Number of protein chains: 2
Amino acid sequence: MSKKNESNVVFIGSKGVMTYVLSCITQLNEGDQELVLKARGRAISRAVDTAEIIRNRFITDAVIKDIKISTETIERSEGGTANVSAIEITIAKGKK
Amino acid sequence: MSKKNESNVVFIGSKGVMTYVLSCITQLNEGDQELVLKARGRAISRAVDTAEIIRNRFITDAVIKDIKISTETIERSEGGTANVSAIEITIAKGKK
């Protein structure tokens, strides 16, 4: 049964960009109308790459619906906290 | 004489993030109402850091007015072309 959730989240980390592209395409092809790509720190560039590759090469009717940036406070393993920038990119499939 | 341009561009490259933060703050304090931060590739994360640091620490009435992502085609020095993701973050000073 295909999923019909309005908005699913894909966390972008340190793997190769095509890993995330394929994961997103699979979700969009399974029926999701929207995906939110989330990334922090240096993975932010990879999230932008992922969104651009999906839109330009694979799902050309996809649109960037929203982009938000924010600051998150994370706990360091050695104690204390650090601020890290984060991005959320919402991709929506075009209406057919 | 202070500048009154509506929109000035700051290109974010590979220098330390505080270099760009100081450059942006200077421009905003000289009278610019809006700044556009532009970055490509791995500098995208740094552009987000720059915007967040300005907004959270230095100019707390600044707002992120718009964020756009795109793909640019650049010519490689060894010939051929490459696609690179780009971001444009528009920061506006809050109304007083």
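The values are calculated or read from the model by the stated rules, or taken from the named source; none is laboratory data. Since this is a predicted model, take the numbers as computed values, not measurements. With ideal geometry, Cβ positions are generated from the backbone for all residues, glycine too; neighbour counts draw on all protein chains shown.
Of note:
- Residues that are more than 30 Å from residue B:56 (Cα to Cα) and either in a loop (DSSP other than H, G, I, E, B) or not charged (D, E, K, R) (or both) do occur in region A:34-54, at least one of them.
- Check on residue A:80, modelled with pLDDT under 95 and at positive phi: yes
- Members of region A:65-89 that are within 17 Å of residue A:42 (Cβ to Cβ) and aliphatic (A, V, I, L, M): A:69, A:74, A:82, A:84, A:86, A:87, A:89
- Exclusive hit being in contact (Cβ under 8 Å) with a residue 24 or more places away in the chain and surrounded by fewer than 13 Cβ atoms within 10 Å (Cβ to Cβ), set A:41, A:31: A:31
- Members of region B:76-92 found to be of a type in the set (S, T, N, Q), in a strand (DSSP E or B) and away from chain A (no Cβ under 12 Å), listed by number: B:81
- Just so you know, in region A:65-77 the residues that are out of contact with any helix residue (DSSP H, G or I) (no Cβ under 6 Å at 6 or more places or on another chain) and of a type in the set (A, V, I, L, M, F, W, C) include one that is nearest to residue A:38 (Cα to Cα), and it is A:67.
- The residue that is nearest to residue B:32 (Cα to Cα), counting only those in region B:78-96 that are of a type in the set (Ser, Thr, Tyr) and in contact (Cβ under 8 Å) with a residue 24 or more places away in the chain, is B:90.
- All of A:62, A:51 fail the test of being small (Gly, Ala, Ser) and within 10 Å of another protein chain (Cβ to nearest Cβ), apart from A:51.
- Every condition in (1) surrounded by 15 or more Cβ atoms within 10 Å (Cβ to Cβ); (2) farther than 29 Å from residue A:56 by Cβ; (3) within 12 Å of chain A (Cβ to nearest Cβ) holds for residue B:57 except the one numbered (1).
- Flag for residue B:50 being at pLDDT 90 or above, surrounded by fewer than 19 Cβ atoms within 10 Å (Cβ to Cβ) and under 17 Å from residue A:85 (Cβ atoms): no
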